[in-house]
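Novice: If you scroll down you'll find the structure; I have some questions about it.
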Amino acid sequence: MATVIGKVDTLHDEMIHDAQMDIYGHRLATCSSDRSVRIFEVDKNQPPKPIATLNGHHGPVWQVSWMHPMYGVVLASCSYDKKVILWKENERGEWNKMFTHEKHAGSVNSIQWAPPDTGLYLVCGSSDGTISIVQGFGEDKFESSHVINNAHTTGVNAVSWAPSHPASTTLDPSSKDYDTVNKRFVSGGGDSMVRVWKFSGEEWACEAELKGHTNWVRDVAWAPDTGFTTSTIASCCHDGKVIIWQCSDLDKGNWESKTMHSFDDVIWHLSWSVMGDILAVSGGDNKVTLWRESHKGGWICISKQDSNVAN
């Protein structure tokens, strides 16, 4: 059973679109249609404390993503204003713009930092149909390293990185190509498609097209590596369907699908637990449900909690 342990007054003036904890669970970042990003200090013994308001976007801010702390205290944000901004905290606790990515011709709808073992990469999906990769080179130097044109013809709504070393690859870890082969991410778009992308040589190429949705794919989430021999992706659609995709060998691309559940309303967001065994689903009915795979292979709802879910 899910229990609400507290609520946060975000101080946003308009709809909240995303909220992300850092890896330690000590910082919370939120973003809103009010064009701002807010950062809170989280302590289980007292209410979250606002510590920074980041203003720099000129449109609704859709998503935020924390960089792994091994690279520094950095937060990325993306917006309807076609920009991705990297914000860095200095030693005095002040937050400043570190880099602005302005390579897209449409709203940037989704961003995510790669797992730290994959490298310092930020993937960005846009309504202009392209996906861009921002790469870090140390000493706060970032640049756009790759652009995938026509990734989704009617716009990219969501992106999600694969684990750095997914169990369902057959390549020997001692191979010189091991790191390259395991640079993968998944995207979902308005063309009802889910696509898996792989870095091959010097370019990103579509490795698999997963067909099963009939409307806009609103979110995709690649499950963390659980030590099993199967890679798992969850996707959700405007038609209310959540699909689980599984592959036992990424090199062969033998993806199999299973409809986890068909909801009565649009599903906006998906999020895996750290262990990759529980999937959180939120939708237009203002509810969050938690799902777990049973020993028989089906998926069961293990809790339900009303929520003010933003779209």
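The values are calculated or read from the model by the stated rules, or taken from the named source; none is laboratory data. Remember, predicted model here, so these are calculated numbers, not experimental data. Using ideal geometry, Cβ is built from the backbone for each residue, glycine included, and neighbour counts are taken over all protein chains shown. To get the accessible areas, we keep the full protein, side chains included, count just its heavy atoms, and leave off ligands, DNA and RNA. Shrake-Rupley method; radii C 1.70, N 1.55, O 1.52, S 1.80 Å.
Novice: What value, in deg cm²/dmol to 500, does the helix sum -39500 (n - 2.57) over DSSP H runs of n ≥ 4 give at 222 nm once divided by the residues of the chain?
Specialist: Helix-only estimate at 222 nm: 0 deg cm²/dmol.
Novice: Using a/c under 1.5 as the rounded threshold, could you call the stretch 222-265 rounded, prolate or oblate? The axes a ≥ b ≥ c are square roots of the C-alpha gyration tensor eigenvalues, and prolate needs a/b larger than b/c, oblate otherwise.
Specialist: Prolate is the answer for the stretch 222-265, as a/c is 1.5 or above and a/b outweighs b/c.
Novice: Using the Cα gyration tensor of the stretch 22-116, with a ≥ b ≥ c the square roots of its eigenvalues, what is the shape: rounded (a/c below 1.5), prolate (a/b larger than b/c) or oblate (neither)?
Specialist: prolate
Novice: Subtracting the Cα-Cα distance from 0.36 nm times the residue separation, let me have the gained length for Lys88 to Met15 in nm, one decimal. Display every interim value, and only then the final one.
Specialist: On the way: separation 73, 0.36 × 73 = 26.28 nm, distance 2.46 nm.
Stretched fully, the Lys88-Met15 segment lengthens by 23.8 nm.
Novice: Given a 1.4 Å probe, how much area per residue of the stretch 218-311 is accessible, in Å²?
Specialist: Averaged over the residues of the stretch 218-311, the accessible area is 50 Å².
Novice: Please list Arg27, Arg92, Arg184 from largest to smallest accessible area, probe radius 1.4 Å, with all protein chains kept in place. List each step's numbers first, then the result.
Specialist: Working: Arg27 45, Arg92 180, Arg184 0 Å².
Correct descending sequence by accessible area is Arg92, Arg27, Arg184.
Novice: With +1 on the Cβ of every Lys and Arg and -1 on the Cβ of every Asp and Glu, and nothing else charged, how large is the dipole of the chain about its Cα centre, in debye rounded to the nearest 20?
Specialist: Numbers: 27 positive and 38 negative charges, 65 e Å.
Approximately 320 debye in magnitude.
Novice: A further question on this structure: Quick one: grab the alpha carbon gyration tensor of the chain, order the square roots of its eigenvalues as a ≥ b ≥ c, and give me rounded if a/c is under 1.5, else prolate or oblate depending on whether a/b is larger than b/c.
Specialist: Details: a/c = 1.42, a/b = 1.12, b/c = 1.26.
Rounded, since a/c falls under 1.5.
Novice: Which aspartates and glutamates, on any chain, are close to Lys241 with Cα under 18 Å apart, when same-chain ones fewer than 8 places away are left out?
Specialist: Reachable aspartates and glutamates: Asp191, Glu209, Asp219, Glu256, Asp264, Asp265, Asp285, Glu293.
Novice: A further question follows. Could you state the accessible area per residue of the stretch 48-155 in Å², with a 1.4 Å probe and every protein chain left in place?
Specialist: 44 Å²
Novice: Excluding same-chain pairs closer than 8 in sequence, count the lysine pairs in the stretch 1-158 whose Cα atoms lie under 28 Å apart.
Specialist: 18
Novice: Between Phe228 and Ala105, what length in nm is gained on full extension when 0.36 nm per residue of separation is reduced by their alpha carbon distance?
Specialist: 40.3 nm
Novice: Using a 1.4 Å probe on the protein chains only, how many percent of the accessible area of the chain belongs to carbon and sulfur?
Specialist: 47 percent
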